[in-house]
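The values are calculated or read from the model by the stated rules, or taken from the named source; none is laboratory data. This is a predicted model, so every value here is computed, not measured. Backbone-built Cβ (ideal geometry, glycine too); neighbour counts: all protein chains shown. The accessibility values were calculated without ligands, DNA or RNA, using every heavy atom of the protein model including side chains. Shrake-Rupley method; radii C 1.70, N 1.55, O 1.52, S 1.80 Å.
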Amino acid sequence: MPPDQSPTPGARPAGTSTPDEAAENIQQMFSTIAPTYDRANHLLSFGLDRSWWNRTARTLRPILIRPEAVVLDLCCGTGDMTLALNKYRPQPSLTTDHSLTTDHSPLTTVSPILALDFSHTMLTLGASKFGDRNIQIIEADALHLPLADASVDLVTSAFGFRNLTNYPAGLAELHRVLRPGGEIAILECNQPGGLVGWLYSFYFHHILPTLGGLISGTPRAYAYLPDSVMKFPRPPQMKALIAAAGFIDPTWTSYTLSTAGLYRATKP
């Protein structure tokens, strides 16, 4: 690499040197920890993960309540964010017998939430939670979405975007599939500053990897987690990447002492 060029921002687990190696490593890692993933997340975040998902879903309610809105939950994992979003979706009618409607008008069709992840194991666990809800599972790579241009109204991602191996390419792909006026809502961890940042860093580097390793039996995965958060762009840099991808009005809303936050932006 020429000395005046910086590496493309994206996830790089230890021992990987190329985007393809990193992607394969991350996919295997998450498939391995999938059986204990939910329990570990709840314990290691002190239950804050649930409040973060629900707060994000409430924020997006004006879009979610539209029956025709196409919603993509990117890097959905075992589907907890998907389920939080689904609470605000209109429920599909249980019958298609138009004679039962008083005005004899067709019943409204509700678009399913698209729950996408590249880990088959994660999606299998998610499917067991979804039951008969109006959710469509898609197994695919977030950098190569099997969706048409300008076909989606909202893309969400909860703590998964930072695992992409190329952030600009990921944002470009989201821009491609969104309709004009469509929005992204990326919920991600953040490294705060000051005393809170010091305590957060101490917990993340000295306590969380040990506890996560004990819960999952895979210490390597929970050593990667704090490293991935430390390397993820801070809000000013992330908003700049979002703007560079063609989005307008990028914002970041701090959650819980800036340990996490929600990025939002619109496709013009």
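Using only Cα atoms, tell me the angle between helix 120-130 and the longest principal axis of the chain; keep it within 0 to 90° and round to the nearest 10.
Value to nearest ten degrees: 40.
Report, in cubic angstrom per residue, the convex hull volume of the C-alpha atoms of the chain. List each step's numbers first, then the result.
Details: hull volume 37.3 nm³, N = 268.
Cα-based convex hull of the chain, divided per residue, equals 139 Å³.
Residue separation times 0.36 nm, minus the C-alpha to C-alpha distance between GLN28 and SER201: what's the value?
59.7 nm
For the chain, find the longest principal axis of its Cα atoms and tell me its angle to the long axis of helix 219-231, 0 to 90°, nearest 10.
90 degrees
Does anything in region 131-158 have its amide N under 12 Å from the 7 Å Cα→Cβ label point of ASP249, and if so which residues?
Hits in region 131-158 for ASP249 at 12 Å: none.
Where a Cα-Cα gap under 17 Å defines reach, which aspartates and glutamates qualify for LYS231, not counting those fewer than 8 residues away within the same chain?
Leaving aside aspartates and glutamates fewer than 8 places away in the same chain, those within reach of LYS231 are GLU188.
In degrees between 0 and 90, to the nearest 10, how far off the longest principal axis of the chain does helix 19-44 point, with axes built from Cα atoms?
Its long axis makes an angle of about 80 degrees.
Report relative contact order for region 197-268 in percent, whole number only (criteria: Cα-Cα under 8 Å, sequence separation at least 6).
19 percent
When ligands, DNA and RNA are left out and all protein chains stay put, how many square angstrom of accessible area per residue does the chain have with a 1.4 Å probe?
About 47 Å² of surface per residue is accessible.
State to the nearest 20 debye the size of the charge dipole of region 105-220 about its Cα centre, where the only charges are +1 on K and R beta carbons and -1 on D and E beta carbons.
260 debye
Would any residue of region 10-48 have its amide N under 19 Å from a label point 7 Å out along Cα→Cβ of GLU139? List them or say none.
23-37
Rank by packing, highest mean first: peptides 134-140, 181-187, with packing defined as the count of other Cβ atoms within 10 Å averaged across residues.
Descending packing order for the listed peptides: 181-187, 134-140.
Among 40-47, 73-80, 195-202, 222-229, how do they line up from the highest to the lowest mean number of other beta-carbon atoms within 10 Å?
Ranking, from highest mean packing down: 73-80, 222-229, 40-47, 195-202.
With θ taken as phi - 60° and the coefficients 6.51, -1.76 and 1.60, list the Karplus ³J(HN,Hα) couplings across region 85-92 in order, rounded to whole Hz; mark glycine and proline as x.
Computed from phi, the couplings for region 85-92 are 5, 5, 4, 9, 7, x, 8, x Hz.
How large is the direction-averaged shadow of the alpha-carbon convex hull of region 143-233, in nm²?
Mean projected area of the Cα convex hull: 7.2 nm².
How much FRET efficiency would the formula 1/(1 + (r/R0)^6) give for THR108 and GLN237, where r is the Cβ-Cβ distance and R0 is 35 Å, rounded to 0.05?
Using R0 = 35 Å, I get an efficiency of 0.25.
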